[in-house]
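Asks: Sharing a structure, written as structure tokens. Questions coming.
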Amino acid sequence: MAGVWRLRRSGGRWPVRRTLGFLVLGLGSYAVIEFGFLAAYGPELRFAFSTRIALLLFVVPVLLATGKPLELARLTLRGRAARGFAAVERSRVTRILGNAAVGTVIAVALFCTFLTPVSGWVRTTPWADSAVGLLIPLIGSAVVLPLAGMAVVTSLALAAEFILAFAELVLDAIPGIVLRLNDGILDGVPALVGSPAWFPSALRDQQMSGDLLWLIAEVADIPILILLFVRWARLDRREARRVDDLDDEALEELTRQHLRRRDG
């Protein structure tokens, strides 16, 4: 909101839909997850905990990105803050995080922890459970926001991102499938004593966790693919304009170089 006010004071305008997208969809979804059923029952129910983590990683960052916070920062930051922000945007870390392949690795690595006692420890340790509520959305935003910012990439790099994004459709599903089909309790947490009657058994809880994790991971890949398609379209238009700006002599030379590379 501070950025919106600063932009308005300088005579600029910021679309209301973007402000609402950031506040209502982005922060609103975070509030529903962190102050609702999933966070309240996460320490006792595996499916609530895994669903919470998946939504914080995938859904909340995408909804925050609807507010275009990076674009707003570019328009409103001045002086040293603007230079620092530009340096972060151009940094190697940001370029790496803005690659769809990194999101694949992070998601698969995180979901694989649900197959180990690590998830049981985090789920039943109050400070660790609270920490993931802050850390996971930050990790997701670090991946999604640079990607949504349409950073300039080459056609080859973007093609590789497409391949890895489609591979993610399969890789993300593996932890959920394992949770669903396994007959043992993988997180090592014993059955609750004196739990409410509506609580599922430990095994059924794990199976529900796998079902929901699989569903969310598959659905959440769709926005990433859409962002990649948008980047591809913008890159194609930019390269087409670059070719159109060439004069006849430069275009002929470019054609000769292309033919030499093909023949070679």
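Asks: Give the residue that is modelled with the lowest pLDDT, with candidates limited to residues of segment 179-196 that are exposed (fewer than 14 other Cβ atoms within 10 Å of the Cβ) and either of a type in the set (V, I, T) or closer than 15 Å to T113 by Cα (or both).
Replies: V193
Asks: Quickly run through segment 29-46 and pick out the residues that are surrounded by fewer than 18 Cβ atoms within 10 Å (Cβ to Cβ) and touching a Leu at 6+ places or on another chain (Cβ under 8 Å). Before the answer, list the steps.
Replies: Residues of segment 29-46 that are surrounded by fewer than 18 Cβ atoms within 10 Å (Cβ to Cβ), as a first pass: 31-32, 35-37, 40-41, 43-44.
E44, the sole residue that qualifies.
Asks: A further question follows. Residues of segment 167-198 being within 29 Å of the chain's Cα centre (by Cα) and charged (D, E, K, R), which ones?
Replies: E168, D172, R180, D187
Asks: Take the conditions buried (at least 20 other Cβ atoms within 10 Å of the Cβ), over 25 Å from D211 (Cβ atoms), out of contact with any Phe, Trp or Tyr (no Cβ under 8 Å at 6 or more places or on another chain) and in contact (Cβ under 8 Å) with a residue 40 or more places away in the chain and apply them to G26. Does it pass? Let's see the steps before the verdict.
Replies: On the way: buried (at least 20 other Cβ atoms within 10 Å of the Cβ): yes; over 25 Å from D211 (Cβ atoms): yes; out of contact with any Phe, Trp or Tyr (no Cβ under 8 Å at 6 or more places or on another chain): yes; in contact (Cβ under 8 Å) with a residue 40 or more places away in the chain: yes.
Here the answer is yes, as G26 does meet what is asked.
Asks: Using the structure shown, decide if G12 is touching a Leu at 6+ places or on another chain (Cβ under 8 Å), open to solvent by less than 60 Å² (accessible area, probe 1.4 Å), outside any helix (DSSP H, G or I) and not basic (K, R). If you could, list the steps in order and put the result at the bottom.
Replies: Details: touching a Leu at 6+ places or on another chain (Cβ under 8 Å): yes; open to solvent by less than 60 Å² (accessible area, probe 1.4 Å): yes; outside any helix (DSSP H, G or I): yes; not basic (K, R): yes.
Against the criterion (touching a Leu at 6+ places or on another chain (Cβ under 8 Å), open to solvent by less than 60 Å² (accessible area, probe 1.4 Å), outside any helix (DSSP H, G or I) and not basic (K, R)), G12 qualifies.
Asks: Hey, among E34, E71, E44, which residue is among the acidic types (D, E) and under 15 Å from G140 (Cβ atoms)? Working first, answer last.
Replies: Numbers: E71 fails: under 15 Å from G140 (Cβ atoms); E44 fails: under 15 Å from G140 (Cβ atoms).
Checking each option against the conditions leaves just E34.
Asks: Let me ask something else. Could you list, in sequence order, all residues of segment 47-77 that are touching a Leu at 6+ places or on another chain (Cβ under 8 Å), assigned to a helix (DSSP H, G or I) and open to solvent by 20 Å² or more (accessible area, probe 1.4 Å)? Please lay out each step first, then the result.
Replies: So in segment 47-77, the residues touching a Leu at 6+ places or on another chain (Cβ under 8 Å) come out as 47-55, 57, 61, 63-67, 69-70, 72, 75-76.
Remaining after also requiring assigned to a helix (DSSP H, G or I): 47-55, 57, 61, 63-65, 69-70, 72, 75-76.
Passing the criteria: F47, L55, L63, L64, P69, L70, L72, L75.
The values are calculated or read from the model by the stated rules, or taken from the named source; none is laboratory data. The structure displayed is predicted, hence computed values, not measured ones. Glycine also receives a Cβ, built like all others from the backbone with ideal geometry; neighbour counts cover every protein chain displayed. Areas reflect the complete protein model, heavy atoms only, side chains present, ligands, DNA and RNA absent. Shrake-Rupley method; radii C 1.70, N 1.55, O 1.52, S 1.80 Å.
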